[in-house]
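Enquirer: Take this structure first; my questions come after.
The values are calculated or read from the model by the stated rules, or taken from the named source; none is laboratory data. Just so we're clear, the structure is a prediction, and the values are computed from it rather than from any experiment. Using ideal geometry, Cβ is built from the backbone for each residue, glycine included, and neighbour counts are taken over all protein chains shown.
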């Protein structure tokens, strides 16, 4: 387990380093930074002064090292558009996205687990087929279009929910459904497969032989054993949701980092884009590491495989 | 007298015949294949089927509702958009954009992902480690954000969107082909090929590739659906293909202003997109059920 952990952490750090270099490069490929900071109609001498002041005349690797060092301490530079530190701009938008992704994952699990359990308890029944349809439809629905249809139905026709903004909890209902529905098929199939496997095992037969009630067998014995991969995959899905929120937040005009990233891209505010890409990548990598270690800690086969290499 | 061995051989169907029979009985596959054939037909024969020029703007006939609404007319079966362009013609031509992006982006990602995955699965060891590293790096980058940034930097055109998606969506090919190749590598026919002195390249290309091809096709269909959805999302956000090209995602974006008064204007391209992606997914699921080893009895 120790060797496996070390190996996974090593790989994670390497990936993090590479991603940070790639996102650093995107900023520099986006054009002349000194010109961008000075403005389009600045004098050549002013541009040159800014170039020296910000160290943009140094070799790329030196610039990367100094940028990465600052980024590690939470300093992502200044936004071209707002002329404010990026960290400050992101600080009040990040919690909004986290709240959205959390409510989305709660919605996804709330739909996926009961349906998956019901489907596994009665394979090939109508409820199993319903689950299959839900997941097939879910994978084919374009998320932005689904959001717009939700807006038309619940926001305009029924007038139950506000259509845009992020002022109250009601503002999060539709975005959470739109974002969470996307993760539901994967989680539901995982629940169903895990439950089918668990229900087929010897300890369930023992539990049945003891005369336990079906209810207690399913929830106390089987679901508990099927839960580990569900938790691990939820963590990874959560990472996906943070980046998937770009589309959903833009549709619902939610003031989170996804919408902010889209605005920043549209105005070529690349220090902001760079910081968001980097943060999302780090969160994803971190969640993946936790998920992998969690699965490995509970699955001896994988643990041994890691030691064998 | 007939040779008993030969008549026995005739009675046993070939694997291909069995697969074909199972496909014809697979309801999802049939529905998916029909849906896909319809969209393919729309795309191929768009110039013949479209009643109007999809780019022609006539401001006097703006926002005509489709035929099932009260003041709809059969002259414009699906109505017209805010610039007076015939919606049916734009939907027909839009099928071309979606399919072109789906096909070409999938081929690019299949080449990248397939090469990486098969190399990792076949050689193992250090190659496998490098590929795993590339895969982890790619997975950690938020696809939508990276695609949006690249399009913003380079400029949105059909070619750019196709290349970006092709270069981003290879991960699933790598994951699956690595696993499948690892299993094939241990089989006797690969050892036999090695024993008679085939080069590694020949073994991968001529021996293993035909055997992992079904996995390729299955991933390709699912990835194509993914590419089409992503293109629509990028175009919807204004950083995909650019107007006046009729992309279904872009049509939804352009119609967003009108959607509160006439919901059909976003419902029509959305349904087209949904139907296409659903068909491709059903088609791919059917293929997987029949072709993949897990799908056989």
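Enquirer: Scanning segment A:243-277 for residues that are surrounded by fewer than 20 Cβ atoms within 10 Å (Cβ to Cβ) and assigned to a helix (DSSP H, G or I), which turns out nearest to the other protein chains (Cβ to nearest Cβ)? Even if it seems obvious, please write down each step before you answer.
Expert: Step one: list which residues in segment A:243-277 are surrounded by fewer than 20 Cβ atoms within 10 Å (Cβ to Cβ), which gives A:253, A:255, A:263, A:266-268.
When the remaining residues are screened for being assigned to a helix (DSSP H, G or I), the result is A:263, A:266.
On the way: A:263: 11, A:266: 7 Å.
Restricting to residues being surrounded by fewer than 20 Cβ atoms within 10 Å (Cβ to Cβ) and assigned to a helix (DSSP H, G or I), the top hit is A:266.
Enquirer: Has segment A:202-213 got at least one residue that is free of Cβ contacts under 8 Å to residues at least 12 places away in the same chain, touching a helix residue (DSSP H, G or I) at 6+ places or on another chain (Cβ under 7 Å) and either crowded, with 18+ Cβ neighbours inside 10 Å or in a helix (DSSP H, G or I) (or both)? Step through it out loud before you land on a result.
Expert: Pass one, segment A:202-213, residues free of Cβ contacts under 8 Å to residues at least 12 places away in the same chain: A:202, A:205-206, A:208-213.
Of the ones still in play, those that are also touching a helix residue (DSSP H, G or I) at 6+ places or on another chain (Cβ under 7 Å) are A:208.
Narrowing the set further to residues that are either crowded, with 18+ Cβ neighbours inside 10 Å or in a helix (DSSP H, G or I) (or both) leaves A:208.
Looking through segment A:202-213, at least one residue is free of Cβ contacts under 8 Å to residues at least 12 places away in the same chain, touching a helix residue (DSSP H, G or I) at 6+ places or on another chain (Cβ under 7 Å) and either crowded, with 18+ Cβ neighbours inside 10 Å or in a helix (DSSP H, G or I) (or both).
Enquirer: For segment B:139-148, indicate whether the set of residues that are within 14 Å of chain A (Cβ to nearest Cβ) and either more than 26 Å from residue A:283 (Cβ to Cβ) or touching a strand residue (DSSP E or B) at 6+ places or on another chain (Cβ under 6 Å) (or both) is non-empty. Give the steps one after another, and end with the answer.
Expert: Narrowing segment B:139-148 to residues within 14 Å of chain A (Cβ to nearest Cβ): B:139-148.
Filter once more, keeping what is either more than 26 Å from residue A:283 (Cβ to Cβ) or touching a strand residue (DSSP E or B) at 6+ places or on another chain (Cβ under 6 Å) (or both): none.
The answer is no; no qualifying residue exists.
Enquirer: Then there's this: Please enumerate the residues belonging to segment B:63-87 that are buried (at least 21 other Cβ atoms within 10 Å of the Cβ) and out of contact with any strand residue (DSSP E or B) (no Cβ under 7 Å at 6 or more places or on another chain).
Expert: Initial filter on segment B:63-87 (buried (at least 21 other Cβ atoms within 10 Å of the Cβ)): B:76, B:78-81, B:85-87.
Result: B:78, B:79, B:81, B:85.
Enquirer: Could you check segment B:227-266 and list, in sequence order, the residues that are surrounded by fewer than 22 Cβ atoms within 10 Å (Cβ to Cβ), within 23 Å of residue B:36 (Cα to Cα) and within 9 Å of another protein chain (Cβ to nearest Cβ)?
Expert: Once the filter is applied, which keeps residues that are surrounded by fewer than 22 Cβ atoms within 10 Å (Cβ to Cβ), within 23 Å of residue B:36 (Cα to Cα) and within 9 Å of another protein chain (Cβ to nearest Cβ), segment B:227-266 yields nothing.
Enquirer: What is the residue count in segment B:281-291 for residues that are under 12 Å from the mean Cα position of the chain (by Cα) and either more than 8 Å from chain A (Cβ to nearest Cβ) or without any contact (Cβ under 8 Å) to a residue 24 or more places away in the chain (or both)?
Expert: So the count comes out to 2.
Enquirer: Whether any residue in segment A:67-74 is more than 14 Å from chain B (Cβ to nearest Cβ), in contact (Cβ under 8 Å) with a residue 12 or more places away in the chain, under 28 Å from residue A:255 (Cα atoms) and part of a loop (DSSP other than H, G, I, E, B) is what I want to check. Walk me through how you get there before you give the answer.
Expert: Step one: list which residues in segment A:67-74 are more than 14 Å from chain B (Cβ to nearest Cβ), which gives A:67-74.
Adding the requirement that they be in contact (Cβ under 8 Å) with a residue 12 or more places away in the chain leaves A:67-68, A:71, A:74.
From what is left, the residues that are under 28 Å from residue A:255 (Cα atoms) are A:67-68, A:71, A:74.
Those still in the list that are part of a loop (DSSP other than H, G, I, E, B) too: A:74.
The answer is yes, given that some residue of segment A:67-74 is more than 14 Å from chain B (Cβ to nearest Cβ), in contact (Cβ under 8 Å) with a residue 12 or more places away in the chain, under 28 Å from residue A:255 (Cα atoms) and part of a loop (DSSP other than H, G, I, E, B).
Enquirer: Among the residues of segment B:15-37, is there at least one that is modelled with pLDDT under 80 and part of a loop (DSSP other than H, G, I, E, B)?
Expert: no
Enquirer: Please pick out the residue among A:60, A:29 that is under 27 Å from residue B:151 (Cα atoms), at pLDDT 75 or above and loosely packed, with under 14 Cβ neighbours inside 10 Å. Give the steps one after another, and end with the answer.
Expert: On the way: A:29 fails: at pLDDT 75 or above.
Exactly one of A:60, A:29 is under 27 Å from residue B:151 (Cα atoms), at pLDDT 75 or above and loosely packed, with under 14 Cβ neighbours inside 10 Å, namely A:60.
Enquirer: Give A:189, A:208 a once-over and let me know the one that is within 12 Å of another protein chain (Cβ to nearest Cβ) and more than 27 Å from residue A:250 (Cα to Cα). Walk me through how you get there before you give the answer.
Expert: Working: A:208 fails: within 12 Å of another protein chain (Cβ to nearest Cβ).
Checking each option against the conditions leaves just A:189.
Enquirer: Of the conditions (1) surrounded by 12 or more Cβ atoms within 10 Å (Cβ to Cβ); (2) closer than 30 Å to residue A:269 by Cα; (3) out of contact with any helix residue (DSSP H, G or I) (no Cβ under 7 Å at 6 or more places or on another chain), residue A:94 clears all except one; give me its number.
Expert: (3)
Enquirer: When the residues of segment B:251-275 are narrowed to those that are free of Cβ contacts under 8 Å to residues at least 60 places away in the same chain and within 21 Å of the chain's Cα centre (by Cα), which ends up nearest to residue B:155 (Cα to Cα)? Explain how you work it out, then say what you get.
Expert: Quick first cut of segment B:251-275, residues free of Cβ contacts under 8 Å to residues at least 60 places away in the same chain only: B:252-253, B:256, B:259-261, B:263, B:266-267, B:270-271, B:274.
Add one more test, that the residue is within 21 Å of the chain's Cα centre (by Cα), and what stays is B:252, B:270-271, B:274.
Values: B:252: 20, B:270: 25, B:271: 28, B:274: 27 Å.
By that ranking, first place goes to B:252.
Enquirer: A further question on this structure: Would you please name the residue that is farthest from residue A:94 (Cα to Cα), looking only at residues in segment A:130-162 that are at the interface with chain B (Cβ under 9 Å from one of its Cβ atoms) and assigned to a loop (DSSP other than H, G, I, E, B)?
Expert: Filtering first and then ranking leaves A:141.
Enquirer: Follow-up question, since we're still on this one. Could you grab me the full set of residues in segment A:78-98 that are under 21 Å from residue A:243 (Cβ atoms) and part of a loop (DSSP other than H, G, I, E, B)? I'd like the intermediate steps shown before the answer.
Expert: In the first step, residues of segment A:78-98 are kept if they are under 21 Å from residue A:243 (Cβ atoms); the result is A:79, A:86-87, A:89-98.
Listed by number, the residues that qualify are A:79, A:92, A:93.
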